[in-house]
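As structure tokens, the structure follows; a few thoughts come after it.
The values are calculated or read from the model by the stated rules, or taken from the named source; none is laboratory data. This structure is a prediction, so every number in the text was calculated from the model and none was measured. Cβ sites come from the backbone with ideal geometry, for glycine too, and all protein chains shown count toward neighbours. Surface areas here come from the heavy atoms of the whole protein model, side chains and all, with no ligands, DNA or RNA. Shrake-Rupley method; radii C 1.70, N 1.55, O 1.52, S 1.80 Å.
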Amino acid sequence: QVQLVESGGGLVQAGGSLRLSCLASGRTFSNYAMAWFRQAPGKEREFVAAISRSGGTTRYADSVKGRFTISRDNAKNTVYLQKDSLKPEDTGVYYCAARPWEYSTNWYSHNYWGQGTQVTVSS
């Protein structure tokens with residue numbers, strides 16, 4: 001089992017920044033690719049960003065490319081999502097997710113999920 005705990009959400013004005021963190025425990029963190037997803041009210045969960053086990057490869061949704069940066073620190077068992085130039089449409093609950101080996105942009109292929117952290121961007 002892998003336990004994931006997100007933190008860093010909150011209320012921010014449009015144009016501002018937030019950094020989300022996701023602390024993992026339970027298994028060897030470096031064996032898992034990590035990803036961030038988000039879900040806005042009334043909408044389906046959508047892919048935001050993913051990172052490979054080593055951190056050498058990243059992937060972003062077109063809607064966040066150039067504004068968000070995913071990174072990881074395997075020594076700290078933590079994955080981060082730096083969010084800059086935030087827009088109201090970035091509002092939602094952000095979840096981190098883990099899957100063994102290769103990264104994926106599909107939410108259904110992830111084995112482990114955090115409880116989510118709310119991000120609200122005001123206009």
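Of note:
- Selection within the range 96-123: residues that are small (Gly, Ala, Ser) and part of a strand (DSSP E or B). The member of this set that is most open to solvent (accessible area, probe 1.4 Å) is Ser122.
- Within the range 23-38, residues that are farther than 16 Å from Asp73 by Cβ sit with their Cβ atoms under 9 Å from residues that are acidic (Asp, Glu) and open to solvent by 10 Å² or more (accessible area, probe 1.4 Å), at 6+ positions apart or across chains, in these pairs: Phe37/Glu46; Arg38/Glu46.
- Considered as a group, the residues in the range 1-26 that are within 11 Å of the chain's Cα centre (by Cα) and among the polar types (S, T, N, Q) include one that is farthest from Ser71 (Cα to Cα), and that residue is Ser7.
- Residue in the range 58-72 that is touching a residue at least 40 places away in the same chain (Cβ under 8 Å), within 21 Å of Ala24 (Cα to Cα), charged (D, E, K, R) and part of a loop (DSSP other than H, G, I, E, B) present: no
- Qualifying positions in the range 90-123 - among the polar types (S, T, N, Q) and under 17 Å from Ala24 (Cβ atoms): Ser104, Asn111, Gln115, Thr117
- For the range 78-95, a tally of residues being open to solvent by 50 Å² or more (accessible area, probe 1.4 Å) and not in a strand (DSSP E or B) returns 5.
- Odd one out for Ala75 among (1) over 21 Å from Ser104 (Cβ atoms); (2) in contact (Cβ under 8 Å) with a residue 24 or more places away in the chain; (3) among the hydrophobic types (A, V, I, L, M, F, W, C): (2)
- Scanning the range 2-32 for residues that are open to solvent by 50 Å² or more (accessible area, probe 1.4 Å), β-branched (Val, Ile, Thr) and in a strand (DSSP E or B) yields a single hit, Val5.
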